[in-house]
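The next block holds one structure in the form of structure tokens; read it before the comments.
Every number in this text was worked out from the coordinates using simple rules, so none of it is lab data. Computed from a prediction, not measured in an experiment: that's the story for all the values here. When we count neighbours, we look across all protein chains shown, and the Cβ atoms used for this are built from the backbone with ideal geometry, even at glycine.
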Amino acid sequence: MLGKLKAGEKGRIMNISGADKFVRRRLLDLGIAEGSEVCVKCILPFGGPVMIESCGQCIGIRRKEALRIEVERA
Amino acid sequence: MLANLIIGGAIFGYAGWAFYRFIKKSKEGKCAACSIQSSCSSNCSVNQDENLK
Amino acid sequence: MMNIALIGNPNTGKTSLFNNLTGSYEYVGNWSGVTVEKKVGVFKNGEDQLIDLPGVYTLNPLSKDEGVVTNFFLNEPFEKLLNILDASQLRRNLHLTLQLMEYGAPVIIGLNMLDVAKNRGIQIDIGKLSEALGVTVAPVVARSGKGCDELAELVTGDFVGMGKTNLVYYGKAIEDGILRLANMLDGRVKLPIRWLALQLFEGNSYVKDYLVKYVAIEEIESLILSVADSHFQLSGDKQTLEQVIYRKRSETIDKIVAASASRKDNKKVPLTEKVDMIVTNKFLGIPIFLLMMYFMFMLTFDWLGFPLSDALDAFLSGPVTAGITAALAAAGSSQFINDLILDGIIAGVGGVLVFVPQIFILFFFISLLEDSGYMARVALVMDRLMEAVGLNGKAFIPMMIGFGCNVPGIMAARTIETPKERLMTILLTPLMSCSARLPVYALFVGAFFIQHKALVVLSLYVLGVVVALILAKVFSKTLLKGETSLFVIELPPYRMPQARALWRSTWDKGKGFVKKAGTFIFAGSVLIWLLAYAGPEGANISMDDSYLAALGGIFAPLFAPIGFGTWQASASLFTGFLAKESIISTMNIIYYVPDEASLQGLMAVHYTPLAAYSFMVFILLYIPCLATTATIYKETGSKRWTAFSIGYALLIAYLLSLAIYQGGKLFGLS
Ligand SMILES: Nc1nc2c(ncn2[C@@H]2O[C@H](COP(=O)(O)OP(=O)(O)OP(=O)(O)O)[C@@H](O)[C@H]2O)c(=O)[nH]1
Ligand SMILES: [Mg+2]
């Protein structure tokens with residue numbers, strides 16, 4: 001799960017279908033889909049959002065959604 | 001006396017015009033102290049469609 | 001004359017290019033969703049028009065600002081497209097480009113951000129890219145204007161190709177579906193069928209609504225179903241049409257990118273990421289934000305802004321007033337004209353103008369925030385808090401913009417995807433203390449809280465935010481229940497703000513304030529002065545017998561419980577609805593003093609410090625100004641919500657001021 005990675009860890013997205021429909025759409029718009037490599041850049045406190053990096057761009061999503069995205073640790 | 005008339009007329013004339021302009025513009029949602037003021041000229045089409053409910 | 005539409009992904013520099021090509025100055029900022037409506041400008045050749053649009057990732061919209069673009073494609077005439085690509089994010093940008101080529105209008109591509117791409121080690125072969133797409137590709141640096149003239153010549157010229165409309169083959173099922181839609185429409189629509197069909201299959205609701213005008217909705221729906229079904233029959237994969245279309249485009253894009261771009265890995269950690277480690281740090285994120293705000297207020301109200309305002313005040317009440325007095329004497333003007341100019345116009349307009357330095361400092365900081373890329377980080381840092389009250393971090397951006405002026409703040413709410421959160425943001429943004437309220441604070445803290453100027457003002461700004469958050473919680477529990485919230489935000493790389501752009505942006509925001517002083521405040525001052533000069537018993541009477549006093553007197557008792565039951569206070573509150581600055585000019589005229597310093601002295605007689613704070617809180621919250629109200633109406637399209645936004649603000653302002661004043665008295669403050 002993407003939400004389980006620690007700051008600095010990398011992974012490859014395996015399954016994104018668990019995430020909210022709109023979140024999935026937005027991530028797709030930003031070029032993040034199954035197979036994309038992502039790296040967790042930082043995690044905000046109190047269950048706040050996570051900042052991930054993929055292909056040189058940074059994106060913030062909620063932890064809740066990140067926990068629904070399956071990744072394979074790289 | 002003439003000077004009084006000219007100055008007074010100019011002030012009241014200008015004030016009336018400026019007041020009218022301001023109310024008219026504000027009513028359209030244009031804010032005179034506002035950063036996008038100069039660019040508000042375009043009409044926006046956000047509420048023409050209600051399909052993104 | 002030609003209409004050329006400027007289109008591209010968010011934050012790729014469209015508006016920067018627009019400004020360069022048309023010589024105008026539109027709102028530029030380093031985050032996604034700066035432009036939220038369509039803007040028209042004229043090319044420097046004086047003929048053709050360029051239309052700046054909000055940034056979109058695809059033509060299938062999720063939010064209102066994206067909807068503006070889809071509507072534009074469906075309903076408005078244009079001859080050519082100018083597509084801006086971010087060279088450092090070629091892949092994602094090309095998804096939009098492919099859709100534009102399917103539309104089949106003549107396209108030119110401007111390849112921007114080449115400097116960023118180069119820093120990342122990305123090399124793009126422009127010739128190969130152009131060949132693969134079949135359209136002209138021109139490199140530009142939108143920020144500095146390099147290559148813009150060549151681009152202008154290209155797009156306004158006669159030789160603009162359509163590109164390859166069939167670049168992507170979507171498989172038999174979908175291609176057949178396109179033909180079937182063409183049969184159904186039977187030449188009744190002017191728009192390109194291939195494009196309409198693909199957008200329809202992707203689930204574009206705007207396109208669907210458009211097609212329903214021509215074909216029965218049942219037919220459309222059964223077409224979509226049967227295409228999906230036959231795709232499954234033919235290929236056996238369970239993906240939705242949207243996914244299939246996306247995948248097919250991606251495959252084509254991969255080929256194009258492989259042929260035209262190369263990448264050498266460069267290992268050094270970009271500066272952006274180093275900065276991010278600090279400002280979005282677990283523990284430091286919010287403290288850093290607050291510290292920056294504090295610094296901003298110290299500069300605006302204390303270290304820099306105050307001395308400058310004082311100097312300007314001395315200049316206006318000294319040499320300028322003396323000069324005008326002398327000029328009037330030379331012209332032989334009457335006492336009436338003298339009073340009108342000196343006690344009315346100079347007091348009213350001058351009283352507002354002295355705050356220009358502070359306004360500009362504030363705007364400078366807002367511009368800095370907008371242009372650096374920190375804005376999106378603030379949204380990220382704030383998201384947890386916002387989520388707790390039923391909003392999302394993105395709603396913080398309109399609120400921050402609202403610190404400058406509420407009107408663009410409310411407009412910026414268009415980028416918020418969920419209608420509920422968007423409505424809440426629109427309703428709550430007026431609680432953000434806009435720059436027009438700043439003179440009121442400046443005046444009162446100068447009179448009553450000399451020691452803690454910045455802190456007191458900061459407390460008001462924070463109070464506005466806190467009240468907004470509490471109300472958000474209340475609204476989302478009562479009026480606006482339900483609906484999941486959504487938060488995905490793009491964090492653009494930090495960019496060093498350029499002095500010129502920063503100045504332009506500051507000036508553009510600040511000049512409105514100056515202009516308003518010369519127009520509306522001028523007119524308002526004349527009117528207020530007249531109302532204070534004349535009364536039921538004639539002209540040139542004691543001000544307490546004037547029309548203004550009578551008018552203010554009606555409502556004064558209402559304000560007595562909150563500490564300022566004078567006719568002067570209620571009269572100035574009235575004018576504040578039209579524009580918040582006029583509160584100050586009204587007070588200047590009413591209290592009839594030559595300069596700011598003596599007004600502050602006089603204030604101390606009419607207000608206690610506690611009443612002064614209560615008054616400031618009331619001003620902060622009590623009503624959105626006329627322009628803001630009109631914008632709320634325009635953006636919500638509902639008279640009820642507009643009335644609500646005024647009503648709740650009045651109520652909250654009154655209750656809070658009451659609590660502060662009466663509570664303060666209980667604790668023995670005065
Ligand atoms: N490094 C670099 N930065 C650029 C260039 N062009 C524009 N920028 C910066 O990119 C940011 C975004 O510019 P805008 O013109 O507002 O982008 P936009 O495409 O209109 O954005 P939206 O309206 O949000 O869709 C600004 O901070 C610009 O200064 C460029 O060629 N190189
Ligand atoms: Mg823009």
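Quick look at the numbers
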item	result
Amide hydrogen neighbours beyond the local backbone of C:L491, cut-off 5 Å, H modeled	A:C58, A:I59, A:G60
DSSP beta bridge pairing in the protein assembly as shown, given as percent antiparallel to the nearest 5	60 percent
Label-point separation in nm, C:K44 to C:E219, each point 7 Å along Cα→Cβ	5.1 nm
Cysteines in chain C lacking a second Cys C-beta under 4.7 Å	C:C148, C:C434, C:C625
Cα shape, region A:2-73, gyration tensor, a/c 1.5 rule	rounded
Label-point separation in nm, C:L602 to C:A550, each point 7 Å along Cα→Cβ	2.3 nm
Cα-based Kirkwood hydrodynamic radius, region C:172-263, one decimal, Å	14.2 Å
Peptide ranges C:57-63, C:277-283, C:476-482 listed from the most packed, as the mean C-beta count within 10 angstrom indicates	C:57-63, C:277-283, C:476-482
Inter-site label distance for C:N540 and C:T484 at 7 Å from Cα along Cβ, in nm	7.5 nm
Proximal charge balance of C:E219 [Cβ under 14 Å; K/R count +1, D/E count -1]	+1
Average partner coverage of C:407-419, which counts Cβ from other chains inside 10 Å	3
Efficiency of FRET between C:M277 and C:E76 - r from beta-carbon atoms, R0 56 angstrom, step 0.05	0.80
10 Å Cβ neighbours from other chains, averaged over peptide C:630-638	4
Of all DSSP beta bridges in chain C, antiparallel share, percent nearest 5	35 percent
222 nm mean residue ellipticity, helices alone, for the protein assembly as shown (DSSP H n ≥ 4; -39,500 (n - 2.57); rounded to 500)	-17500 deg cm²/dmol
Length gained when the stretch C:F574-C:A560 is fully extended (0.36 nm per residue, less Cα-Cα span)	3.4 nm
11 Å beta-carbon shell around C:E37, net charge (K/R +1, D/E -1)	+1
Shielding by partners, peptide C:341-349 (average Cβ within 10 angstrom, other chains)	1
All lysines inside 21 Å of C:K44 as judged from Cα atoms, apart from same-chain residues fewer than 8 positions distant	C:K14, C:K80, C:K146
Full-stretch length increase - C:L368, C:L291 - with 0.36 nm per residue and alpha-carbon distance subtracted	26.2 nm
Where only C-alpha atoms are counted, convex hull volume of region C:3-156 per residue in Å³	101 Å³
Cβ-Cβ FRET estimate between C:K128 and C:V212, R0 fixed at 45 Å, reported to 0.05	0.60
Square roots of 5 times each gyration tensor eigenvalue, C-alpha, chain C, largest first, Å	53, 27, 25
Ordering of C:395-405, C:146-156, C:228-238 by packing [mean C-beta count within 10 Å, highest first]	C:395-405, C:146-156, C:228-238
Distance cut-off 55 Å, percentage of C-alpha pairs in the protein assembly as shown lying past it	16 percent
Residues of region C:126-141 with amide N under 17 Å of a point placed 7 Å along Cα→Cβ from C:A259	C:126-138
Protection proxy ranking of A:58-68, C:536-546, C:602-612 - average other beta-carbon atoms within 10 Å, highest first	A:58-68, C:602-612, C:536-546
Descending semi-axes in whole angstrom, ellipsoid equivalent of region C:91-174, from the Cα gyration tensor	24, 18, 10
Efficiency of FRET between C:T325 and C:W303 - r from beta-carbon atoms, R0 35 angstrom, step 0.05	0.55
Stretch gain in nm, segment C:V466-C:Q451, where the contour uses 0.36 nm per residue and the Cα spacing is subtracted	3.0 nm
Net +/- balance of residues flanking C:Y494 in space, Cβ distance below 13 Å, scoring K and R +1, D and E -1	-1
Under-5 Å amide H pairs with C:A138, H placed in peptide plane, nonlocal only	C:I109, C:G110, C:L111
